[in-house]
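The next block holds one structure in the form of structure tokens; read it before the comments.
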Amino acid sequence: MPTAKRALSATLVRRGGDRLLFDCSEGTQRQLLRSDVGLVELEEIFLTHYHADHYLGLPGMLKTFALRGREVPLTVCGPPGLDELFATLRRIFGRLTYPLAAVELEDGAILERDGYRIEAFAVDHRVTAIGYALVEIARPGRFDVDVATSLGVPDGPERGVLQRGASVSLPDGRVVTPDDVLGEPRAGRKVVLSGDTAPCASVVEAAAGADVLVHEATFLADERARARETSHSTAGEAALVAQEAGVKLLALTHVSTRYFGHQVVEEATQVFPSTVVPRDFDVVVIPFPERGEPELVRSGARAGRAPALGSVES
């Protein structure tokens, strides 16, 4: 349930110019308007499952886009059952001014994007539900200027060709390959969002080596029985998942109104010290691995910062 200070489930991932919304709870469009993102014309929305606290904001957002005369197509992805959900929601949002597509994703589905992919994986909840992993492809290794100069590669377009992974021919007939001038490939970034789930092996597998795992923590240990009954996780169980997966940072969300954030952090950090509980409009900034560790920026979505890749708890 929402509180005066915390809204329901909705997380925005920003990567370059891409804006990807995961879940769209009641009030999400207003939260976006209150952030430095604004209600941009999102092109993709990903739903984890069809409990009301994860999609009730969608009909209103779709209608707002139409009232503004939007023409850009919008795709909504989710687990099986999305077509049925849309058949019901269309009675609410009515005719739209833009193309709307519903894409049902099975466990293991992979969506290829420019420079990264989105992987759907099954989780353990009371209904059909999926989590999402955003995985960047490996980047070329660092360009060795000294080696390129020693090989006679001119300071010009040829060096750019090599950096993009193609070979070049020199005036004397020699061929220089990317392997001659580039170091080892550099890892990309990985962000995993569990959605609602009990602790399960599929999340551990999907989150293996992730920079950030966004995992639900509906309960604390005192309500472990209730967590099992409802297929949710305690903060300690989420921490164990992060530990087993070897992630760099655990961000806990979907916190029950019966708890304060510091209580959730205290339980989780006993198992996994690198744990944060984002508040609304906080940002997790995720630099490339060679540039540092993920970092929580309090109220970062209100401070005008635009991280290269981050998750915003809205």
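The values are calculated or read from the model by the stated rules, or taken from the named source; none is laboratory data. Source: prediction; values computed, not measured. Ideal geometry is used to build each Cβ from the backbone, glycine not excepted, and the neighbour counts take in all protein chains shown. The area values use the complete protein model at the heavy-atom level, side chains included, leaving out ligands, DNA and RNA. Shrake-Rupley method; radii C 1.70, N 1.55, O 1.52, S 1.80 Å.
With r as the distance between the Cβ atoms of Asp83 and Val127 and R0 = 22 Å, compute the FRET efficiency 1/(1 + (r/R0)^6) and round to 0.05. For R0 = 22 Å, the calculated efficiency reads 0.90.
Candidate cross-link partners of Lys248 among the lysines, defined by an alpha-carbon separation under 30 Å and a same-chain spacing of 8 or more, comprise Lys5, Lys190. Please work out whether the chain counts as rounded, prolate or oblate from its C-alpha gyration tensor, where a ≥ b ≥ c are the square roots of the eigenvalues and a/c under 1.5 means rounded, while otherwise a/b larger than b/c means prolate and anything else oblate? Prolate is the answer for the chain, as a/c is 1.5 or above and a/b outweighs b/c. The length gained on full extension between Glu41 and Ala66, counted as 0.36 nm times the residue separation minus their Cα-Cα distance, comes to 7.9 nm. Among Gly195, Gly69, Gly173, the largest mean-square fluctuation in a Gaussian network model of the chain, built with springs joining Cα atoms closer than 10 Å, belongs to Gly173. Seen against the Cα atoms of the chain and their longest principal axis, helix 235-245 is set at about 20 degrees. What the Cα convex hull of segment 47-178 gives, in volume per residue, is 172 Å³. For segment 120-236, the residue among Leu162, Gly141, Val212 whose Cα projects farthest onto the positive side of the dipole built from Cβ charges is Val212. Think of the chain as having a plus end and a minus end, set by charges on the Cβ of Lys, Arg, Asp and Glu; of Phe260, Gly236, Leu296, Phe260 sits farthest toward the positive end of this dipole. Rounded to the nearest 20 debye, the dipole magnitude of the chain is 1200 debye, with +1 charges on Lys and Arg beta carbons, -1 on Asp and Glu beta carbons, and the Cα centre as origin.
Take the Cβ atoms of Ser256 and Val103, set R0 to 41 Å, and the FRET efficiency comes out at 0.85. Magnitude of the charge dipole for segment 1-149, about its Cα centre and with charges confined to Cβ atoms of Lys, Arg (+1) and Asp, Glu (-1), is about 820 debye. Rolling a 1.4 Å probe across the protein heavy atoms gives the chain an accessible surface of 46 Å² per residue. Between Thr177, Thr75, Leu62, the Cα set farthest toward the positive side of the dipole of segment 35-179 (charges on each charged residue's Cβ, about the Cα centre) is that of Leu62.
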